[in-house]
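These notes concern the structure reproduced below.
A short reminder: the numbers here are calculations on the coordinates, not readings from a lab. All of these numbers come straight from a predicted model, not from anything done at the bench. Cβ placement follows ideal geometry from the backbone for every residue including glycine, while neighbour counts extend to all protein chains displayed.
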Amino acid sequence: MPGPNALSQQPKKRGSWLLDVALAPWNYALSLLADAAASVGMFIWAAFTLKPGVDLLPIALCALLGYTFTEYAWHRWLFHGRTSPRAFLQGHGRHHANPQARLALPFFTTLPHVALVWSLACLVIGPHRAAFFTGVWFLGYSAYGGIHHLVHTPSVTNAFITRLRVIHDLHHARPRRNFGVTTQLWDRVFRTWSAPTPA
């Protein structure tokens, strides 16, 4: 029968290596850089391969709509989902415990994300239009990263960011509400929107 010190002598359970990367200070900057590079790279591909006169506005609007839904869905069902992988729950839990901590998904997750978005878009609109679609998608993703950073930077007092900060702070106080950071659209659609109390 184990003695009273048996538990203290057992090796400590190691955290997820994905979480270790997400929490690394260098990963935060690399993650923002990888997302921006994905957008720029796809726009360059599209610029060299698309024929003049291609109507890009509907593609851009579909990409932004798709991206904003993904932002909402990941935040609600992946980062706050009851059955989500432990690394996602722990990482996002750390963010809620310390909202000003700089952590992000591991920088290398950008590559499979790009491949998935581009591959699915290829099935519908072909590879060159899909490159433009993916560029717009990652422009949205980069905007989210930058906006979320500013929202959690109290020294930024711009009226637009301050408004988003009030909305997002409500999410931190009530984690089942206001999952969207860049838009309220999907919170309104899925009835998870809570308006901030007027000051």
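Quick notes
- Local net charge near TYR141, Cβ-Cβ under 9 Å (Lys/Arg +1, Asp/Glu -1): -2
- Other residues whose C-beta falls under 12 angstrom from the C-beta of PHE69 contribute a net charge of -1, scoring Lys and Arg +1 and Asp and Glu -1.
- Length gained when the stretch ALA24-VAL54 is fully extended (0.36 nm per residue, less Cα-Cα span): 6.6 nm
- Between ARG163 and GLN100, the simple label model (points 7 Å from Cα in the Cβ direction) yields a spacing of 2.5 nm.
- Largest mean-square fluctuation among ASN27, ASN158, ASN178, in a Gaussian network model of the chain whose springs join Cα atoms under 10 Å apart, belongs to ASN158.
- Each other residue within a Cβ distance under 12 Å of LEU150 adds +1 if Lys or Arg and -1 if Asp or Glu, for a net charge of +2.
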